[in-house]
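Note sheet for the following structure.
The values are calculated or read from the model by the stated rules, or taken from the named source; none is laboratory data. Treat the numbers as computed from the prediction; the structure is a model and nothing was measured. Here Cβ is always computed from backbone atoms with ideal geometry, including for glycine, and neighbour counts include all displayed protein chains. Calculation scope for accessible area: heavy atoms of the full protein, side chains included, ligands and nucleic acids excluded. Shrake-Rupley method; radii C 1.70, N 1.55, O 1.52, S 1.80 Å.
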Amino acid sequence: KVAEAQERQERSLVRMEAAVQRFREQHPSVNLVSILSLPLPELSEKLRDGSLPLDHVFYAYLKKALQIAIETNCITEFLQESETQLRRAKLMERQGLLYGVPVSIKDSIDCQGHDSTLGFIKNLNKPAAEDSVVVQVLKRQGAIPFVKTNVPQSLISYDCKNLLFGQTRNPLMYTRTPGGSSGGEGALVGGGGSILGIGTDVGGSLRFPAAFCGICAIKPTGKRLSKRGVMSGVVGQKAVAAAVGPLAKDVESLALCLRALLSEDMFSLDSTVPPLPFNEEVYSSTKPLRIGYYETDFFTMPSPAMRRAVRETKQLLEEAGHTLVPFELTNVDYVIFNYCVRGMFADGGSSFVKKFKGEMEKGGTGLFFWLAKAPQWLKTLLSWISKPFVPRFSSIIRSMKKNTVDEVWSLHHEIEDFCHQFIAQWKKLNLDVMLCPMLGPALGIGYPAKLSVAVSYTMLYNALDFPAGVVPVTLATDEDEEQLKGYKGYYQDWWDRTLAKAFRGGVGMPVAVQCVALPWQEELCLRFMKEVETL
């Protein structure tokens with residue numbers, strides 16, 4: 001089955017090549033490279049007014065996507081029907097905000113007639129019966145989904161490797177991970193082979209790939225965009241909110257994508273989504289912002305580059321007339337272990353383990369798989385023994401025990417309380433938005449599996465269910481690298497030592513900051529991201 005999946009992936013690339021070749025023979029003089037340099041807002045404008053032919057744009061991206069796929073192994077499947085859709089779109093009355101825009105789609109988002117594998121053998125040859133709602137809306141807005149992209153096995157990882165399609169590499173440095181779980185998207189968009197990608201995020205799965213590959217992404221509030229037809233790593237889990245969102249080179253492109261998705265189409269296809277159209281007024285406002293910020297969460301010590309990214313951004317924002325207010329984060333360790341880990345594995349990890357039944361490799365997810373399988377007495381014993389020496393390991397084991405239903409209910413209640421306390425602290429400081437660190441530069445391939453604890457900066461906002469986006473602001477320097485030698489971490493345990501190694505060798509790689517707003521304030525979040533990007 002694995003060989004079959006790899007052959008299919010290979011066939012996809014051959015078909016892409018043949019399609020590009022056919023186009024080239026028919027249009028030998030078209031300059032495809034110049035098309036790739038157009039930002040999405042400009043490109044979509046030209047497609048809509050007819051000054052750029054649809055097929056020129058489609059094949060320009062198909063050619064570039066093929067190149068990036070060969071370099072990074074980010075594409076799992078070519079959606080052949082995209083060529084038919086392209087021909088049909090030419091006959092359409094010009095319409096839709098994304099008319100003629102080629103879009104890449106994460107493996108776990110259903111496209112009719114194609115597998116959503118999540119990197120599992122058991123999901124091969126089980127094509128989706130219909131398009132997910134987001135894909136349906138994209139198509140109604142004139143977009144052309146053209147490829148599906150790679151993910152880590154089970155999606156519960158921020159690397160990007162599985163047994164079916166192998167490891168995806170970072171387009172900026174092949175020895176680094178592109179991030180995950182939307183890693184194929186990060187690599188393809190970051191490498192310039194797609195102008196707009198759609199992924200998902202339950203602990204940072206949109207934000208890691210964007211930050212590691214030097215692009216932008218936004219994780220909206222969990223229910224702002226439809227998740228109908230989107231497969232998740234842990235099904236039915238309500239403690240930590242998952243979300244669907246876009247990745248692109250710049251913030252304006254993310255805004256355009258949300259404008260297109262937040263349409264009547266989506267609200268009628270999925271009536272559980274609140275009918276909140278994109279708020280232009282909030283997005284285009286220029287009034288100065290009151291911005292909370294912190295340089296560390298006191299759980300994962302930021303790399304020198306991360307700290308510098310926040311500091312420099314803070315200074316630029318102040319110079320531009322915004323007000324910056326220090327925000328004191330407390331108890332992140334408790335949030336990570338008791339809300340995030342315990343929330344995702346409240347069943348003791350049994351549904352997670354079930355997913356791996358009959359699979360060949362349990363790699364990638366490292367510790368979680370092993371702990372989820374361990375009997376309760378062993379977990380209790382290990383937790384007790386390791387507490388004085390490795391308190392974080394002890395906490396993770398403790399948070400992976402099987403909970404009774406009333407324990408899960410009280411956990412959900414506790415998370416709700418925490419959310420309201422966090423908002424109260426936010427309101428007391430009268431904040432509009434928050435500036436936060438984002439893990440970076442990209443870790444070496446294979447490190448994320450050993451460093452599950454480093455999701456603390458991102459996963460906090462899944463537990464809170466706040467919109468959060470990332471914007472690249474700087475590149476790691478030799479000086480950052482030099483300062484890493486003094487990196488000790490807050491716990492000085494095995495994880496801290498490993499993270500210090502994982503950051504090493506990232507000179508020249510992008511480093512991002514995280515921009516956060518209150519629930520349902522995606523437009524304000526984007527407005528803040530735009531400000532950061534401009535400065």
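Derived scalar couplings between HN and Hα for segment 23-34 equal 5, 4, 5, 6, 10, x, 9, 5, 8, 6, 5, 5 Hz in order, rounded to whole Hz, by the Karplus curve 6.51 cos²θ - 1.76 cosθ + 1.60 (θ = phi - 60°), x for Gly and Pro. Taking amide H as placed 1.01 Å from N in the peptide plane, Gly199 has its amide H under 5 Å from the amide H of Gly245, Leu247, each at least 5 places away in sequence or on another chain.
Full extension of the segment from Leu36 to Leu535, taken as 0.36 nm per residue of separation minus the current Cα-Cα distance, would add 177.2 nm. Database remark: amide H of Thr477 closer than 5 angstrom to the amide H of Gly508 (H placed geometrically; neighbours at sequence offset of 5 or more, or on other chains; Pro and chain starts carry no H). Please give the residues of segment 251-278, grouped as numeric ranges, whose backbone N is less than 13 Å from a label point set 7 Å along the Cα-to-Cβ vector of Gln95. So the set is 264-265.
With both labels modelled 7 Å from their Cα along Cα-to-Cβ, the Tyr490 to Arg22 distance reads 5.6 nm. Dividing the helix sum by the residues of the chain, where each DSSP H run of 4 or more adds -39500 (n - 2.57), gives a mean residue ellipticity at 222 nm of -12500 deg cm²/dmol.
Close amide-amide hydrogen proximity is noted between Ala468 and Lys219, each under 5 Å apart and 5 or more residues distant or on a separate chain (H modeled in the peptide plane; Pro and chain starts excluded).
Looking at segment 1-278 alone, DSSP beta bridges between its own residues are antiparallel in about 65 percent of cases.
On a per residue basis, the chain carries 39 Å² of accessible surface, using protein heavy atoms and a 1.4 Å probe. Applying 1/(1 + (r/R0)^6) with R0 = 30 Å to the Cβ-Cβ distance of Trp409 and Ile70, what FRET efficiency is obtained, to the nearest 0.05? Given R0 = 30 Å and the Cβ-Cβ separation, E is 0.05. Overall, the chain carries a charge dipole of about 1260 debye about its Cα centre when +1 sits on the Cβ of Lys and Arg and -1 on the Cβ of Asp and Glu, all other atoms neutral.
Taking 0.36 nm per residue of sequence separation and removing the Cα-Cα distance, the Trp370/Arg311 pair yields an extension gain of 17.3 nm.
Straight-distance candidates among the aspartates and glutamates for linking to Lys249, with alpha-carbon spacing under 12 Å and chain neighbours fewer than 8 residues away dropped: Glu185, Glu533.
The distance between label points at Lys122 and Gln421 comes to 3.8 nm (points 7 Å beyond Cα on the Cα→Cβ vector). Couplings 3J(HN,Hα) of segment 140-147, computed from phi: 5, 8, x, 6, 10, x, 10, 9 Hz, in residue order, whole Hz [Karplus 6.51 cos²θ - 1.76 cosθ + 1.60, θ = phi - 60°; x for Gly and Pro].
Here r is the Cβ-Cβ distance between Val325 and Met360 and R0 is 60 Å; the resulting FRET efficiency, rounded to 0.05, is 0.70. By DSSP, the beta bridges lying fully in the chain are antiparallel in about 65 percent of cases. Of the cross-linked pairs Lys139/Lys223; Lys122/Lys238; Lys122/Lys354; Lys219/Lys287, those separated by over 18 Å at the C-alpha level are Lys139/Lys223; Lys122/Lys238; Lys219/Lys287. With the simple spin-label model, which puts each label point 7 Å out from Cα in the Cβ direction, the Lys428 to Val14 separation comes to 6.5 nm. Solvent-accessible area assigned to carbon and sulfur over segment 341-410 amounts to 71 percent, based on a 1.4 Å probe. Our coupling estimate for segment 67-74, obtained by passing each phi through the Karplus curve with A = 6.51, B = -1.76, C = 1.60 and θ = phi - 60°, is 4, 5, 5, 5, 6, 10, 6, 9 Hz, Gly and Pro reported as x. May I ask for the longest run of the chain untouched by trypsin sites (Lys or Arg not before Pro) that are loop-located per DSSP and have at most 13 neighbouring C-beta atoms (other than their own) within 10 Å? Result for the longest clean stretch: 95-237. Distance from the C-alpha centroid of segment 25-79 to that of segment 512-530: 29 Å, rounded to the whole angstrom.
The portion of the accessible surface of segment 264-321 made up by carbon and sulfur, rounded to a whole percent, is 54 (1.4 Å probe; DNA, RNA and ligands excluded). Applying both filters, DSSP loop and at most 14 other Cβ atoms within 10 Å, to the chymotrypsin sites (Phe, Trp or Tyr not before Pro) of segment 383-476 gives Phe389.
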